[in-house]
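Encoded as structure tokens, the structure appears first; notes follow it.
The values are calculated or read from the model by the stated rules, or taken from the named source; none is laboratory data. Given the structure is predicted, the values throughout are model-derived calculations rather than measurements. Using ideal geometry, Cβ is built from the backbone for each residue, glycine included, and neighbour counts are taken over all protein chains shown. Note: areas computed on protein heavy atoms with side chains; ligands, DNA, RNA excluded. Shrake-Rupley method; radii C 1.70, N 1.55, O 1.52, S 1.80 Å.
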Amino acid sequence: MNPYTLPDSFLESLLLEDVPCGDATSFALAIDRQPGRLICRARYAMLLCGSEEAGRLAQLRGLRLIGASRASGERLAAGDEILRLEGEAGALHAVWKTAQTLMEYLSGIATSTAEIVAAARRGNPAASVVCTRKNFPGTKAAAMKAVLCAGASPHRLSLSETLLVFAEHRTFLGDEAPPATVARLRRQWPERAVVVEVSSEAEAALWAAAGADILQLEKMPPEAVDRLHRQLPGTRLAAAGGVNAANAEAYARAGAHILVTSAPYFAPPHDVAVTLTAAPPATEP
């Protein structure tokens, strides 16, 4: 599943960052106009992401895609071919590392996300996994593509789109009662769910009674989630803080309707093996 492709403006910025004035080595060796071929393969099993961007990076530098490349969202076994490119050596070298690294990082995020989704669904097939905005600044669109490819969703893309009340907001509210806060939010943003982050079971009960649509349970263990699920049957519960593939099943089984996680952004990249050779036959499959 490929939810979208990153724009050329973003891809051009990546290429210009790595090759601002051409490839000095290829130019100095006078090999930049020689024909060559580059093949990318999965070194280990992974959920692929970023192959469309890798192919487009190549096209932006005049390279040819040979045959069909594998799509983002596909599961690959070790050794599976992702894509192959043909063209001048200078362009191959200019695209090589940027395309490889982009696929490695995005596939790492996608694979980690898919593992969390699978664990959550073992606990409850109806559970949802959402990934936070804690991605490395400047990489949001790329990170979100990997998250969506893996079957998860964005938690909140920005501060502008959701109502999520933290303790850091409430410190400015003085003695305003929780029902008044919820009512004020609903008047100001009537079409948006009111989400409140709480750090104890007592706070959860207080804000559920105030009418919050979703309670974000910060760093509560699955046992606490289970108690709140039984105590507050009409309130959606989101488990947050430390959610990962090792505990997602327990949280979902305990009654968390939503699992909020940042873990995929810190997953190791999944290696993409690259073979670059001189003058391959243009008609070779």
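Angle of helix 222-231 to the longest C-alpha principal axis of the chain, folded into 0 to 90 degrees and rounded to 10: 50°. Multiplying the residue separation of Arg64 and Cys21 by 0.36 nm and subtracting their alpha-carbon distance yields 13.3 nm. By the rule of a C-alpha distance below 19 Å, with chain neighbours fewer than 8 residues away ignored, the aspartates and glutamates paired with Lys140 are Asp8, Glu12, Glu17, Glu52, Glu53, Glu104, Glu161.
Name the shape class, rounded, prolate or oblate, that the alpha-carbon gyration tensor gives for the chain, where a ≥ b ≥ c are the square roots of its eigenvalues, rounded holds for a/c under 1.5, and otherwise prolate holds if a/b is larger than b/c and oblate otherwise. Judged from the Cα gyration tensor, the chain comes out prolate (a/c at least 1.5, a/b above b/c). Given R₀ = 25 Å, FRET efficiency for Ala246-Ser199 by Cβ-Cβ distance, to 0.05? After rounding, the FRET efficiency stands at 0.70. With the convex hull of its Cα atoms as the shape, the range 20-121 has an orientation-averaged projected area of 6.9 nm². Derived scalar couplings between HN and Hα for the range 110-123 equal 5, 5, 5, 4, 4, 5, 5, 4, 4, 5, 4, 5, 5, x Hz in order, rounded to whole Hz, by the Karplus curve 6.51 cos²θ - 1.76 cosθ + 1.60 (θ = phi - 60°), x for Gly and Pro.
A 1.4 Å probe run over the protein chains yields, for the chain, 49 Å² of accessible area per residue, whole-number rounding. Between Ala118 and Leu157, how high is the FRET efficiency from 1/(1 + (r/R0)^6) when r is the Cβ-Cβ distance and R₀ = 22 Å? Nearest 0.05. After rounding to 0.05, the efficiency reads 0.40. The slack between Arg43 and Thr5, meaning 0.36 nm per residue of separation minus the straight C-alpha distance, is 11.3 nm. Computed from label points 7 Å out along Cα-Cβ, the spacing between Arg192 and Ala126 is 2.7 nm. The stretch between His169 and Glu12 holds 52.6 nm of extra length on full extension. This uses 0.36 nm per residue minus the Cα-Cα distance. Nonpolar atom fraction for the chain, defined as the carbon and sulfur part of the 1.4 Å probe accessible area, stands at 57 percent.
With helices as the sole contributors, the chain gives -12000 deg cm²/dmol at 222 nm; each DSSP H run of n ≥ 4 counts as -39500 (n - 2.57), and the sum is divided by every residue.
Ranking Thr132, Thr111, Gly62 by Cα position along the charge dipole of the range 58-167, where only Lys, Arg, Asp and Glu carry charges on their C-beta atoms, puts Thr132 farthest toward the positive end.
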